[in-house]
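The structure appears below as structure tokens.
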Amino acid sequence: MPTEPPPSRWILPPADNVADGEIAGVGGDLAPGTLLAAYRQGLFPMRLRARGPIGWWSPDPRGVIPIDGLRVSRSLRRSCRRFDVRVDTAFEQVMRGCADPRRPHGWIDKKFIAAYTELHHLGWAHSVETWQTDDEGESALVGGLYGVAIGGLFAAESKFHRVADASKVALVGLVELLQSGGATLLDVQWTTPHLVSLGAVDVPRAEYLDRLADAIARAPMTTFVG
């Protein structure tokens, strides 16, 4: 079972108290208790700019992928056979892949990597990884994603790939885990054309918060209980 950290020393703003835009508050820290408190009330952290302050975001609408609504094309199904999907074997490596400075609009820095790795050690943050084996039998990490699991919620944070379709295959693996583990809510923060093609939809903030309250009240997903 995940280990509950000490509570945050900060009082985070309500996720539905955003007068204009998507940012409910600025500042605070990335301590485990702060991160969990944020996700439990519908917020997530991103820096406002590189090396800038932490913003606590609450988009409206919110992007989600219905647990039974992932669109897997025939070609993606074929790609799934080319990779080995693993869970929680290379969490920090996945975060570093997501933090590659060559990626545009990068915001994951060393402090975020340290914070979420600590949350991973406590049993709350998880990685789903795609590995590929070469002709000599050597296995390499070629894609993956990470996020936070609380009750029936999985809050997906970021993904990366070094080989075509590797991050998509990680998402397929994640959804299969969530389906078998009893999840009810897969949060992807914002929809993009890429995520919409995979089944992501927008939901109003109020609806998201209602679904979130139900999700986090559930027992931890069996697929992420060590």
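For the stretch 81-91, does any single residue satisfy the condition of being in a strand (DSSP E or B) and either farther than 18 Å from residue 176 by Cβ or within 14 Å of the chain's Cα centre (by Cα) (or both)?
Looking only at the stretch 81-91, we keep the residues that are in a strand (DSSP E or B), and these are 84-87.
Within this subset, residues satisfying the condition of being either farther than 18 Å from residue 176 by Cβ or within 14 Å of the chain's Cα centre (by Cα) (or both) are 87.
Yes, there is a match, as at least one residue in the stretch 81-91 is in a strand (DSSP E or B) and either farther than 18 Å from residue 176 by Cβ or within 14 Å of the chain's Cα centre (by Cα) (or both).
Is it the case that some residue within the stretch 159-176 is among the aliphatic types (A, V, I, L, M) and in a strand (DSSP E or B)? Within the stretch 159-176 (the criterion being among the aliphatic types (A, V, I, L, M) and in a strand (DSSP E or B)), the answer is no, since none of the residues qualifies.
All conditions but one from (1) out of contact with any Lys or Arg (no Cβ under 6 Å at 6 or more places or on another chain); (2) buried (at least 21 other Cβ atoms within 10 Å of the Cβ) apply to residue 152; the one that does not is (1).
For the stretch 6-13, check the following and say yes or no: at least one residue is surrounded by 17 or more Cβ atoms within 10 Å (Cβ to Cβ), touching a Pro at 6+ places or on another chain (Cβ under 9 Å) and either at pLDDT 95 or above or under 16 Å from residue 119 (Cβ atoms) (or both).
First, the residues of the stretch 6-13 that are surrounded by 17 or more Cβ atoms within 10 Å (Cβ to Cβ): 8, 12-13.
Among the residues that remain, those that are also touching a Pro at 6+ places or on another chain (Cβ under 9 Å) are: 8.
Filter once more, so that each one left must be either at pLDDT 95 or above or under 16 Å from residue 119 (Cβ atoms) (or both): 8.
Yes, because at least one residue in the stretch 6-13 is surrounded by 17 or more Cβ atoms within 10 Å (Cβ to Cβ), touching a Pro at 6+ places or on another chain (Cβ under 9 Å) and either at pLDDT 95 or above or under 16 Å from residue 119 (Cβ atoms) (or both).
Considering only residues in the stretch 214-226 that are under 30 Å from residue 19 (Cα atoms) and of a type in the set (Gly, Ala, Ser), the one that is surrounded by the fewest Cβ atoms within 10 Å (Cβ to Cβ) turns out to be 217. If we keep just the residues of the stretch 96-151 that are out of contact with any Pro (no Cβ under 9 Å at 6 or more places or on another chain), of a type in the set (A, V, I, L, M) and part of a loop (DSSP other than H, G, I, E, B), which is farthest from residue 81 (Cα to Cα)? If we take residues in the stretch 96-151 being out of contact with any Pro (no Cβ under 9 Å at 6 or more places or on another chain), of a type in the set (A, V, I, L, M) and part of a loop (DSSP other than H, G, I, E, B), then 108 is farthest from residue 81 (Cα to Cα).
Which of the residues that make up the stretch 19-36 are surrounded by fewer than 19 Cβ atoms within 10 Å (Cβ to Cβ) and not in a strand (DSSP E or B)? Give the steps one after another, and end with the answer.
Of the stretch 19-36, the ones surrounded by fewer than 19 Cβ atoms within 10 Å (Cβ to Cβ) are 19-23, 26-27, 29-31, 33.
19, 20, 21, 22, 27, 29, 30, 31, 33, listed by residue number.
Please indicate, with yes or no, whether at least one residue in the stretch 178-189 is of a type in the set (Gly, Ala, Ser), under 20 Å from residue 22 (Cα atoms) and either in contact (Cβ under 8 Å) with a residue 24 or more places away in the chain or not in a helix (DSSP H, G or I) (or both). Within the stretch 178-189 (the criterion being of a type in the set (Gly, Ala, Ser), under 20 Å from residue 22 (Cα atoms) and either in contact (Cβ under 8 Å) with a residue 24 or more places away in the chain or not in a helix (DSSP H, G or I) (or both)), the answer is no, since none of the residues qualifies. Considering only residues in the stretch 182-213 that are within 21 Å of residue 3 (Cα to Cα) and surrounded by fewer than 18 Cβ atoms within 10 Å (Cβ to Cβ), the one that is modelled with the lowest pLDDT turns out to be 182. Looking for whichever is in contact (Cβ under 8 Å) with a residue 12 or more places away in the chain and farther than 21 Å from residue 196 by Cβ here; the options are 84, 60, 68. Which one fits? None of the others qualify; the one that does is 84.
Among the conditions (1) closer than 27 Å to residue 203 by Cα; (2) within 18 Å of the chain's Cα centre (by Cα), residue 96 misses just one, which is (1). Residues of the stretch 123-141 that are surrounded by fewer than 14 Cβ atoms within 10 Å (Cβ to Cβ) and either at positive phi or of a type outside the set (Gly, Ala, Ser) (or both): 133, 134, 135, 136, 137, 138.
The values are calculated or read from the model by the stated rules, or taken from the named source; none is laboratory data. All of these numbers come straight from a predicted model, not from anything done at the bench. Methodologically, a virtual Cβ is constructed for each residue, glycine included, from the backbone with ideal geometry; neighbour enumeration extends over all protein chains shown.
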